[in-house]
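Enquirer: Pasting a structure below so you can have a look.
What follows draws every value from the coordinates through simple rules; no lab data is involved. Because the structure is a prediction, the values reported are computed rather than measured.
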Amino acid sequence: MTATLFGHPSLDAAIQSLRSDLLDEGGAKISTMRNYRFAILPYDPSEEFALRTRIRNLTDELKAKGWQVLAASLHQLFLNRLKAEEPGMVERLIQTERRLYARDPDRALNHIKDKIALYIEGPGGIAQDVIQLIDGFTQKHPCDPNKTLILLCRAGSLYPFFRSSALLKHIDGKTQNLPVVLLYPGERHGLKALSFMGELSSDRDYRPRIYW
């Protein structure tokens with residue numbers, strides 16, 4: 001990692017670029033595709049709290065200008081799914097993981113990945129919860145598509161179980177064509193590849209604009 005790519009100047013520049021596109025006189029233009037209004041704002045995971053401060057400032061500014069902003073916490077959506085399970089399920093999952101880890105750490109990780117994937121992956125996973133959250137938000141708040149922003153945040157809490165490209169695929173066409181920005185903790189590899197948390201293998205399966 002370098003300060004040029006992931007230091008505060010780069011983070012500030014990316015957010016300023018996003019701000020300029022959102023507040024464009026012709027309407028929010030985070031994408032060049034009319035019916036695909038998604039964007040990704042990557043940041044160094046170590047700058048999580050700096051990112052939150054800057055996004056909060058941007059959100060406050062947008063709201064002061066009459067915008068509707070929904071910050072969808074992927075962390076909270078995941079916890080909601082776990083809380084909806086039968087009592088004791090999480091504790092049993094933890095105990096099994098500990099028992100397996102004592103014999104084979106890799107086996108323990110693969111086991112927990114398989115179990116957690118049921119809550120996160122596919123069209124019936126976190127993607128479904130994001131769609132429902134957006135639907136509920138728009139029912140409560142009359143939304144001008146050019147003055148509404150959906151932020152997908154706290155993705156880092158789903159490491160190492162999460163593939164953001166899959167999430168965006170599953171919600172595509174189901175967000176009422178509102179601007180959606182994924183706040184992505186990770187590294188850039190080349191022009192379009194992203195590595196979640198700087199740990200997982202690079203994912204090049206992205207159509208959205210990426211703000212650097």
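Enquirer: Quick one: work out the % antiparallel among DSSP beta bridges in the chain, nearest 5.
Expert: In the chain, DSSP labels about 25 percent of beta bridges as antiparallel.
Enquirer: Let me know the shape class of the stretch 75-202, please: from the alpha-carbon gyration tensor, a ≥ b ≥ c as square roots of the eigenvalues, rounded when a/c is under 1.5, otherwise prolate if a/b is greater than b/c, or oblate.
Expert: oblate
Enquirer: Something else now. Can you flag which of 140/174; 83/140; 140/169; 115/174 are past 19 Å Cα-Cα?
Expert: 83/140; 140/169; 115/174
Enquirer: If I model the stretch 1-139 as equal point scatterers sitting on the Cα atoms and use the Debye formula, what is log10 I(q)/I(0) at q = 0.12, 0.14, 0.17 Å⁻¹?
Expert: -0.74, -0.92, -1.12
Enquirer: A follow-up question, please. Residue 29: which aspartates and glutamates have alpha carbons under 15 Å from its alpha carbon, excluding same-chain residues fewer than 8 sequence positions away?
Expert: 21, 144
Enquirer: While we're here: Quick one: which residues, 5 or more positions from residue 189 or on another chain, have an amide H under 5 Å from its amide H? H modelled 1.01 Å from N in the peptide plane, none for Pro or chain starts.
Expert: Amide H to amide H, under 5 Å and 5 or more residues apart or across chains, residue 189 pairs with 194, 195.
Enquirer: By how many nm would the segment from residue 79 to residue 176 lengthen if fully extended, with 0.36 nm per residue of separation less the alpha-carbon distance?
Expert: So the extension gain works out to 32.4 nm.
Enquirer: Right, next: Report the extension gain between residue 65 and residue 49 in nm, rounded to one decimal, defined as 0.36 nm multiplied by the number of residues separating them, less their alpha carbon distance.
Expert: Contour length minus the Cα-Cα distance gives 3.3 nm.
Enquirer: Can you tell me, using C-alpha contacts under 8 Å and at least 6 residues apart, the relative contact order of the chain as a whole percent?
Expert: About 33 percent, as a whole number.
Enquirer: Apply the a/c threshold of 1.5 to the C-alpha gyration tensor of the stretch 127-186 and tell me whether it is rounded, prolate or oblate.
Expert: prolate
Enquirer: Looking only at 72, 64, 50, which one moves most when the chain is put into a Gaussian network model with springs between Cα atoms under 10 Å?
Expert: Evaluated over the chain, the most mobile residue of the options is 64.
Enquirer: Hey, in the GNM for the chain with a 10 angstrom Cα cutoff, which one of 104, 44, 144 fluctuates hardest?
Expert: The residue with the greatest mean-square fluctuation here is 104.
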